Amino acid sequence: MDQGLPGSTKHPVWRGIKITLGALLVPLGIVGLFLPFLQGVLFLLVGVALLSSEIPFVARLRDRVRKRYPGPWEKAEELGERLKARFRGKGGER
């Protein structure tokens, strides 16, 4: 059942929750790209992040985007690390 991807969840219930949540967030993000009151890019990024750890096709797609746009990708990873540190209680740089 485990795809062997980094960050993959081994328990089938958690894996199902991640896939379901990611599958809901991606279309919501696509709709949000066209609606001014919905943060489409945010929903897309979170949905792809959830799905890429469970589905190999999405992981390959994520890696292609990472290679094509390395600058924005590094900025997004830095932001992610700062947010992780802040929510873990270690503070975060501004």
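The values are calculated or read from the model by the stated rules, or taken from the named source; none is laboratory data. Not measured: the values here are computed from a predicted model. Cβ: placed from backbone, ideal geometry, glycine included. Neighbour counts: every protein chain shown.
Across segment 15-38, the number of residues qualifying as modelled with pLDDT under 90 and surrounded by fewer than 12 Cβ atoms within 10 Å (Cβ to Cβ) comes to 3. Of all residue pairs spaced 6 or more apart or on separate chains, those with beta-carbon atoms under 6 Å, a first member in segment 65-94 that is under 21 Å from L50 (Cβ atoms) and a second member that is part of a loop (DSSP other than H, G, I, E, B) and at pLDDT below 85 are R82/G92; A85/G92; R86/G92. Summed over segment 6-63, residues that are in contact (Cβ under 8 Å) with a residue 24 or more places away in the chain, outside any helix (DSSP H, G or I) and touching an Asp or Glu at 6+ places or on another chain (Cβ under 9 Å) total 3. In segment 55-76 there is at least one residue matching the filter, namely being of a type in the set (F, W, Y), surrounded by fewer than 16 Cβ atoms within 10 Å (Cβ to Cβ) and at pLDDT below 85. Scanning segment 35-94 for residues that are more than 20 Å from T20 (Cα to Cα) and among the β-branched types (V, I, T) yields one hit, V65.
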